[in-house]
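Scroll down for the structure; my scribbles are underneath it.
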Amino acid sequence: MLSGNEVRQMFLNYFASKGHTVVPSSSLVPHNDPTLLFTNAGMNQFKNVFLGLDQRPYRRAVTAQKCVRAGGKHNDLETVGRTARHHTFFEMLGNFSFGEYFKQEAITYAWEFLTEIVKLPKEKLWATVYLDDDEAFDLWQKIAGLPPERIIRLGEKDNFWSMGETGPCGPCSEIIIDRGEAYRCAAPQCALGVCDCDRWLELWNLVFMQYNRDDNGVLTPLPRPSIDTGMGLERITSVLQEVNSNYDTDLLRRLISFVEEMTGQVYYSDRRGFPFRVIADHSRSCSFLISDGVLPSNEGRGYVLRRILRRAVRFGKALGLNEPFLYRMVPVVGELMGEAYPELLEKQEYVQKVMRMEEERFHETLHDGIRVVGDIIKKVKEEKRPEISGAEAFLLYDTFGFPLDLTEDIAEENGLRVDRIGFEQAMEAQRERARSARKEQQAWEQTINLTAVLEGLPATTFKGWETTQAEAQVLALIIDGRRVPEASVGEEVIVLLNQTPYYGDSGGQVGDQGSLLADGLRLRVEDTSRLPDGKFLHRGLVELGMIKEGDTVFAQVDEGRRRSIARNHSATHLLHRALKEVLGGHVNQAGSLVEPGRLRFDFSHFSALSPEEIKAVEEKVNQQIWQDLPVEAFESSLEEAREMGATALFGEKYGERVRIVRMGDYSLELCGGTHVLHTGTIGLFKIISEAAVGAGLRRIEAVTGAGAYQYFNERLDVLQNAAAVIKAPPVEVARRVEALQQALREREKEIGVLQGRLAHYEVEQLLERVQEVQKIKVLATAVGSGDAESLREMADLIRDKLGSGVVILGSAWGERVGFVAMVTKDLLGRGLPAGKIVKEVASITGGGGGGRPDMAQAGGKDPSRLNEALEHGIKVVKQMIKPLN
């Protein structure tokens, strides 16, 4: 029996023998594609190739692509474990042709692999084709010998694929295996295309990308039709291993067995095994997502990861696992899949740390959530409501990770129900908020639009690594998304040049600024960006004259700004290496921003850096700066770069040829940015802040060169001013301030003693104002107090002196008023709750408040009515007193 790993390798080997380049799986975090939350299909990494925005050195490719479908348009999260086929993580096997071959070869390869390589019985295989795709219908008969009755024509919903509303699209053909009568459903007519039961199992989808759909829905034949196919590894393995469920294959069964070992419970393939299947699936998706750089958070990809992980933890609790356990499954995932995906083994310790931290945090959160559920149920019952509102249920879901069904279970146990409609409305409101925050998506759409506008024009030759100025020809001008022949004074315009010294915003480095000059022309370049197909766009304002297509201009980058950016960019490379040396090899760059005035560096780490660690990192970076290491950049193949040990970034997409930046023997990174020629040019490096930006994710901000000089000058000014104020030399400031603080603490103690004596004296005087209301002592008076706390302390003293009675004190602080009411315990049965008294008193001054029956505080807004409010307090007490029984 073939193992899942063997099936994967056989697929790759077969297509490699047919002239396909074996392309490694891309990251689960799509590169430069905000339309996708996660990589969810094999074709994602080739999307720009199909769109004509990217070119590869090969025309045929084969991949085993790791995929996640959880969140966004493709979301199988809630279905996982309930069916035999759905997963959050799965592998997609696929072969691709970029204009090299089409339907005949695609069908031939698929049929040959299934029937001759893995030897599926031909008589059990069927095919579906698009309704009017006669070519595919005929090819299945010619190549596979399928009889017409085993080739089923289906409509657009089932057999027509498109990348989006517009763009490349085409008919598809699915290969189906008939698993026999034993798997048929109870429908009277159990037939392919009629029902969707387990008898008819889709194995492989062949997409024939042959049209382009325009804004009006018109289909135009593509000049170079392409092929995109996809076959789920788990699904084909279940067929080859003759098991009923993907979870029974060797790709997942070992994980279920591990859950059995942890829980001491037996797995069943029916409904009882639901929690086991969820945990097995989710352990894979969490391991892969974290190894690809995703970290748990409250938004975006991190939020989906957090939901998946917490869902696994909840089902673990259902099996009696009340301590963190999911992190213990990471090595098992590595054993199963580490050979195909070595990043699992390389980052195993890191993945376990992140996972355990999140599990521990969720156990605390779950405890808090159960408490909040209890509070909500108590409130609902007190208000005599029949149900938990949708907003309350959504709060539990969104903040505490409580699924709706868990809230419904707890509600049912308490004789309540949950407002599902209100919950869905709250969920939709959240989705709407997400839809409204689509700046990144709109930017991507603008990029696609600009690419279309500039189609047919060559990529820009980048000269910025060697120079900051160059003569160039204007190839195109764009205003408001349309090409124009010219632009004049005052107009904002995008300029495409045949070559440029300007760096386009990418890799965390901001775009260059500067000028485009010619006789009678001055255009101020405010930003530079780069399209996926290599065109550099210069966005700017015409300040003098007119610019036209075909003009020759002199492109001049702002050199001072470029030098500042280069210093900061080179410093990030040194910082990255220093962090690894000080904190450990688990540190990886998770993002960066390189501007003229500062640098920002995000990296994976589990705790705040101590002052000693920050100092050690700074020292290491500055040592490399002061050694004036040579900085050189050179090109190599991606494979050679890896062999040299060059650092690559999570989620970054690299071509076959890469640029490497070396700084002496200290740093070696893949990078396309601009850098100094020697590290000494950086001058000085200083970290100005270090903070968390997510679970397991830290951020450092730092300055270099002139920025560091300015930073030190500003702090030196502060130090010298402080020294002048306390009349001490700068080196003595810390010691003198500490001495002053000690003296201040001693004075505060003395003041406290004196204030206590004064308060006792004031209390004796205030007791002379006590009135009797129906034989109950009542003191309602205004006092001078510094704040609400001292007001309460004075009321405590008076209550203790009274022995039995009601105390109402008020004090004015500027434009505000404060009140406190206290009732001695012996009077609590006489209908005198302090909370109600103080609320009535404060209402006179436009305020309100409340508290316990024996003590309550409140605030007001109108100091001029303070005495009136206190007099009202006497009346309130008189009205509220209940007679003795």
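Just a few scattered comments:
- Distance cut-off 21 Å, percentage of C-alpha pairs in the range 127-230 lying past it: 39 percent
- Within the range 448-523, antiparallel bridges make up roughly 85 percent of the DSSP beta bridges whose residues both belong there.
- Amide H contacts for Leu537 (H built 1.01 Å from N in the peptide plane; partners 5 or more residues away or on another chain; cut-off under 5 Å): Ser529, Arg530, Leu531.
- Gained length - Met427 relative to Lys124, 0.36 nm times residue gap less alpha-carbon distance: 104.6 nm
- Of all accessible heavy-atom area on the chain, the percent that carbon and sulfur account for (1.4 Å): 48 percent
- Looking at the chain, the accessible area is 47 square angstrom per residue; that uses a 1.4 Å probe and ignores ligands, DNA and RNA.
- 0 to 90° range, to nearest 10: angle between helix 420-436 axis and the chain longest Cα axis: 70 degrees
- One chain, two ends: Ala16 and Arg271. Fully extended at 0.36 nm per residue, the span grows by 87.6 nm beyond their Cα-Cα distance.
- For the range 704-754, the calculated P(r) over all alpha carbon pairs, in 5 Å bins from 0 to the bin holding the longest distance, is 5, 19, 16, 14, 13, 11, 9, 5, 3, 2, 1 percent.
- Label point at Thr115 placed 7 Å out along Cα→Cβ; residues across the range 125-162 whose backbone nitrogen lies under 16 Å: 125-128, 137-152
- Taking label points 7 Å from Cα along the Cα-to-Cβ direction, Val218 and Glu346 give a separation of 4.9 nm.
- Largest to smallest accessible area among Lys775, Lys379 [probe 1.4 Å]: Lys775, Lys379
- Accessible surface ranking for Ile688, Ile837, 1.4 angstrom probe, highest first: Ile688, Ile837.
- Global size of the chain: 35.8, 113 Å for Rg and Dmax (C-alpha atoms, Rg to one decimal, Dmax whole).
- Asp480-Lys727 pseudo-label distance in nm [points 7 Å out on the Cα-to-Cβ vector]: 7.0 nm
- Principal axis dimensions, the range 500-577 - Cα atoms, whole angstrom, descending: 48, 29, 16
- Applying the Kirkwood pairwise sum to the alpha-carbon positions of the range 765-837 produces a hydrodynamic radius of 12.5 angstrom.
- Counted charge near Glu100, where neighbours are those whose Cβ lies closer than 13 Å (Asp, Glu -1; Lys, Arg +1): +4
- P(r) tail fraction, the range 549-680 - alpha-carbon pairs more than 26 Å apart, %: 26 percent
- Available extension along the chain between Gln741 and Arg385 is 122.5 nm, counting 0.36 nm per residue and deducting the alpha carbon span.
- Principal axis box of the range 831-885, alpha-carbon based, largest edge first, Å: 40, 20, 11
- Between helix 788-802 and the chain there is an angle of about 40 degrees, using the helix long axis and the longest principal axis of the Cα atoms.
- Inter-probe distance in nm under a simple model that places probes 7 Å from Cα toward Cβ, at Asp375 and Phe554: 6.9 nm
- If R0 is taken as 41 Å, the Cβ-Cβ distance between Glu455 and Glu339 corresponds to a FRET efficiency of 0.45.
- Disulfide-incompatible cysteines by the Cβ rule (no partner under 4.7 Å) in the chain: Cys67, Cys169, Cys172, Cys190, Cys195, Cys286, Cys671
The values are calculated or read from the model by the stated rules, or taken from the named source; none is laboratory data. Everything numeric in this text was worked out from a predicted model, so none of it was measured. Because the Cβ atoms are built from the backbone with ideal geometry, glycine has one as well, and the counts that use them run over all protein chains shown. Each accessible area value is taken on the protein alone, full model and side chains, heavy atoms only, with ligands, DNA and RNA left out. Shrake-Rupley method; radii C 1.70, N 1.55, O 1.52, S 1.80 Å.
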